[in-house]
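Trainee: Sharing a structure here in structure tokens format.
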Amino acid sequence: MSSPATSPAKKRAKRARAPKHAGETRAYRFPLDVTPAQEARLHEARFACWRLRNRLVQDRIENRDQVKAARAAGIAAAYLTRADQYEAVKGYAKHDQDWGALHSQVRQNVAVRVDEGCRRWFEARRDGRSGVKPPRLRRFESYRGFTYPQYGRAARIRNGRLELSGLGAFRVNAYRKIRGRKKTVTLAFAQGRWWCIVTAEIPVGLVHPPLPAADPRPDAGVDPGLCALLTDSHGVAYDPPQAWHNDRRRLARAQKTLARQWQAHDARYLAQAYAALALGLWPVSYRHVPRSKRLKAQLAVVARLHARIANVRDHHQKKTAARLADQYRQVAVEEHGVQFLLRNRRLARLAADRAIHKQTLRLQSKLGPRYVAVGNRRPGLGGNSQSCVCGAAVPKTLSERTHRCPACGLVAGRDHVAANVVQLMAFGTTSPTLQRGAGSLSTGDGEAKGGACERRVSEPARASEASGKRQPHADCDQGHTTGGEPTVAGKTSRHRAKRRSLALAPQPPGSPAGCRRL
């Protein structure tokens, strides 16, 4: 007789394997507070990784030449693989002290980066795509950092400190909680300081929760541009401040000062090099020439200005993405390349300052499945801004900001109509605000007085591609300086005395009260 513990009726059922949930990888960037000695250790590790990377790239280049020569002679030959370079890295670490001091995972990650670059090049050759090149030798200034590919014992954040195997502990300003499963830790040098970038894998359900069935929010289409960064189909223009444009003068002065400091540094290096050659000695490398205190200070000034510009642009782009995610259920965005804008000498600065592609990536990250990509052309009609919602072609130049359809008579803002075309292509609907704006726009100066330019969600910013002339106020006692006349607040005592004497003088008959301007 079987015991109760082993009876067939009470055996535990076999556990079914749960399906693996889809996840998204998110990056969390935190600044490091490092001492000069800690910063020197980080730069030494960065320099060692850069040397190792160039050595592996050189091995790949020599291997490709050998394979090409062998195949030309009819001899079978194979390209280097990731496993081959893993073994090479082990041998290099035994004979080089700097490479041996690096953590083994960091050395392997350098080989992984080189292998991924070669793999992308091989795939491009197989598919016939041009413009993809194999990894090449890089300068030290363009090599930003190194990565610990496994979060855990080798690299982890604990009690406000970043613990790195082989480098020590560093104070990290972890101002937000990291969600999800931590995967990698990257140390990057950018904007004059060191950053810690932790990647984590989060389930999609936590990042983008499913929408309720009865979501009352409407759908919207979005048209990116230069007049306003984004214009939605409901007539709202999102026009954040232009970060580089607002700080361009301060940045230009700082960069001119930095250029003069670099010229003095180069002159000192050339003097030392010529003196060494005159004595028959080999001159020291340019990298080991010490920099002056003024040069180091000016480098920090320029780095802070660039960091400010990047942070301002990043902040407003995140805020714009959050507003669209809160207001609308699904958002269709017109996707188009920006290289044609950057190649235009008149629009390159404005397009680079707007960072349209980066704003699109922010929307994708914030909206997730609610982001709907739409092409920038309609079959048989041309571009979205060159057609009407009724299906008629309405060609326009870039300077024309008002849409006038000869077929249906619609008159509205150009970006407003283009956003509605995007919504029509994605969801088959249009916004009712477009009908309310039809026929209500002024046609005298070629600028829209309603529609897309009627409601603007932004902070005070610079003007757009084409600016309309400001109309005077209704009353005659104005505070602006139309006609070049000074305001009352800017007058001297002599002007104020003249104003009082004229105010006491009798006025000509028929002159309205309050219309005398001095």
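Trainee: Would you mind ranking D239, D65, D84 by Cβ crowding within 10 Å, fewest neighbours first?
Mentor: Taking fewest neighbouring Cβ atoms as first place, the list is D65, D84, D239.
Trainee: Longer than 21 Å from Cα to Cα, which of K318/K358; K319/K366; K256/K293; K319/K358; K94/K133 are they? Say none if no pair is.
Mentor: Beyond 21 Å between Cα atoms: K94/K133.
Trainee: I would also like to ask the following. Mean separation of Cα pairs under 8 Å and 6+ residues apart, divided by the residue count of the range 23-207: what relative contact order is that in percent?
Mentor: With pairs under 8 Å counted, the relative contact order is 34 percent.
Trainee: Based on the mean of other Cβ atoms within 10 Å per residue, sort peptides 416-427, 253-264 so the most packed one is first.
Mentor: Packing order, densest peptide first, comes out as 416-427, 253-264.
Trainee: For a footprinting-style exposure proxy, rank W282, W194 by other Cβ within 10 Å, fewest first.
Mentor: W282, W194
Trainee: Still on this model: Sort 335-341, 308-314 by packing, meaning the average of other beta carbons within 10 Å per residue, with the highest value first.
Mentor: Result, highest mean Cβ count within 10 Å first: 308-314, 335-341.
Trainee: What relative contact order, as a whole-number percentage, does the range 245-303 give when Cα pairs under 8 Å and 6 or more residues apart are counted?
Mentor: In percent, rounded to a whole number, it is 47.
Trainee: Any idea what the relative contact order of the range 225-358 is, in percent, if you count C-alpha pairs under 8 Å spaced at least 6 apart?
Mentor: Taking the mean separation of contacting Cα pairs over the length of the range 225-358, I get 31 percent.
Trainee: Further question on the same structure: Mind giving me the nanometre distance, one decimal, between the label points for R287 and R181, set 7 Å out from Cα along Cα→Cβ?
Mentor: Label-label distance for R287 and R181, simple model: 3.8 nm.
Bear in mind that the values in this text are calculations on the coordinates, not laboratory data. No experiment lies behind these values; they were computed from the predicted model shown. Quick reminder, even Gly has a Cβ in these numbers, built from the backbone with ideal geometry, and neighbours come from all protein chains shown.
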